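Chemist: The structure under discussion is supplied below as structure tokens; questions concerning it will follow.
The values are calculated or read from the model by the stated rules, or taken from the named source; none is laboratory data. No experiment lies behind these values; they were computed from the predicted model shown. As a convention, Cβ positions derive from the backbone with ideal geometry for all residues, glycine included, and neighbour counts pool all protein chains shown. Just the protein is used for accessible areas: all its heavy atoms, side chains included, with ligands, DNA and RNA removed. Shrake-Rupley method; radii C 1.70, N 1.55, O 1.52, S 1.80 Å.
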Amino acid sequence: SLTTTPYDIGYKSLAVSLSDMAAMGATPVAVQMALTLPHVDESWIRGFSEGFLSLAEAFSVDLIGGDTTSGPLSISTVLYGVSPKGTVVQRSGACVGDDIYVSGNLGLAGLALAHVLEGKKDVEPLMQKALNQPEPRVALGEAIRPYANAAIDVSDGLIADLTHILCASHCGGVIHCGALPLSPLMAPYLDLPAQLQYALTAGDDYELCFTASPGEREAIDRCALETETACHRIGHIVEGAGLTLLNTD
């Protein structure tokens, strides 16, 4: 969007990669960046760098190289991380009977994007922040690593991303829509069905969706408390294939 600041672009270009790392339960350590620019704009580069490096510093990630070239604006990051051997959380480990969790809340970033695309100039600041400065759930990913069987970050929408887990794990899933964590900031703009639609399909939330055995509920609650990140049980894994959505009735 033309209204997105260079700081936000720099921040989010690293945040989305940190979110992928969080979904694997890995600890990010270093990043390379390739930046292609149509022309040199020092104020843009300064804002972009501040956004990128502020997040890198917050997560103790070193920028170790990359490339800068001339051409249409393009930003690519390659993030390196570590985890103990054999402990990376994959998409393919969900088991029948597992609980399905999602962190934080869903839908707000998608609503913010809709408002931006509609040309609204006074988008709620917290809504705008959800879109432009998502918080990578790295600490939560590291904490749940011993307990989660499968995980993914919600970038394309809960239905789409959870379906990736179901396909990789050769199983089905059930979501109880009444258990979805909806941001209260959406209520003034949308009725409940529309809020659920955004939560299920809009994407750009960069929350973690993961599965764990019911026997790990206390451990997951402890991880949520220790990392100050809400984790909501929204459904369960079943035999078969596909995703079933159950309304409150």
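Chemist: Here's a check for you: in segment 40-72, which residue that is among the β-branched types (Val, Ile, Thr), open to solvent by 80 Å² or more (accessible area, probe 1.4 Å) and touching a strand residue (DSSP E or B) at 6+ places or on another chain (Cβ under 6 Å) is modelled with the highest pLDDT?
Modeler: Step by step, filter segment 40-72, then rank; the result is 64.
Chemist: Given the condition charged (D, E, K, R) and without any contact (Cβ under 8 Å) to a residue 60 or more places away in the chain, answer yes or no: does some residue in segment 3-18 qualify?
Modeler: Scanning segment 3-18, I find no residue that is charged (D, E, K, R) and without any contact (Cβ under 8 Å) to a residue 60 or more places away in the chain, so the answer is no.
Chemist: If I go through segment 151-181 residue by residue, how many of them are in contact with a Leu (Cβ under 8 Å, 6 or more places away or on another chain), open to solvent by less than 40 Å² (accessible area, probe 1.4 Å) and not β-branched (Val, Ile, Thr)?
Modeler: Result for segment 151-181: 11.
Chemist: When you scan segment 4-11, do you find a residue that is part of a strand (DSSP E or B), open to solvent by less than 50 Å² (accessible area, probe 1.4 Å), among the acidic types (Asp, Glu) and closer than 27 Å to residue 202 by Cα, even just one?
Modeler: No, every residue in segment 4-11 fails to be part of a strand (DSSP E or B), open to solvent by less than 50 Å² (accessible area, probe 1.4 Å), among the acidic types (Asp, Glu) and closer than 27 Å to residue 202 by Cα.
Chemist: Still on this structure, please answer the following. Going by the structure shown, is residue 193 within 24 Å of residue 112 (Cα to Cα), over 17 Å from the mean Cα position of the chain (by Cα) and part of a helix (DSSP H, G or I)?
Modeler: yes
Chemist: Let me ask something additional. Could you tell me whether any residue of segment 36-46 is of a type in the set (A, V, I, L, M) and under 30 Å from residue 235 (Cα atoms)?
Modeler: Checking segment 36-46: not a single residue is of a type in the set (A, V, I, L, M) and under 30 Å from residue 235 (Cα atoms).
Chemist: Considering segment 40-53 alone, what residues qualify as being out of contact with any helix residue (DSSP H, G or I) (no Cβ under 7 Å at 6 or more places or on another chain) and either touching a residue at least 24 places away in the same chain (Cβ under 8 Å) or part of a strand (DSSP E or B) (or both)?
Modeler: Listed by number, the residues that qualify are 43, 45, 46, 53.
Chemist: Sticking with this structure for a sec: With the requirement that a residue be among the small types (Gly, Ala, Ser) and either under 30 Å from residue 38 (Cβ atoms) or surrounded by fewer than 19 Cβ atoms within 10 Å (Cβ to Cβ) (or both), what does segment 73-83 give you?
Modeler: Matches in segment 73-83: 74, 76, 83.
Chemist: Search segment 157-178 for residues that are on the phi < 0 side of the Ramachandran plot and of a type in the set (D, E, K, R) and pair each with any residue that is open to solvent by 20 Å² or more (accessible area, probe 1.4 Å) and part of a loop (DSSP other than H, G, I, E, B) when their beta-carbon atoms are under 7 Å apart and the residues are at least 6 apart or on different chains.
Modeler: If the second residue must be open to solvent by 20 Å² or more (accessible area, probe 1.4 Å) and part of a loop (DSSP other than H, G, I, E, B), the pairs left are 161/155.
Chemist: Right, another one. Provide a single number: the residues in segment 196-249 that are part of a helix (DSSP H, G or I) and either surrounded by 12 or more Cβ atoms within 10 Å (Cβ to Cβ) or over 22 Å from the mean Cα position of the chain (by Cα) (or both).
Modeler: Result for segment 196-249: 19.
Chemist: Which pairs turn up if I take residues in segment 84-110 that are surrounded by fewer than 20 Cβ atoms within 10 Å (Cβ to Cβ) and look for partners that are of a type in the set (S, T, N, Q) and not in a loop (DSSP other than H, G, I, E, B) with beta carbon separation below 6 Å, at least 6 apart in sequence or on another chain?
Modeler: The qualifying pairs are 92/169; 93/149; 95/149.
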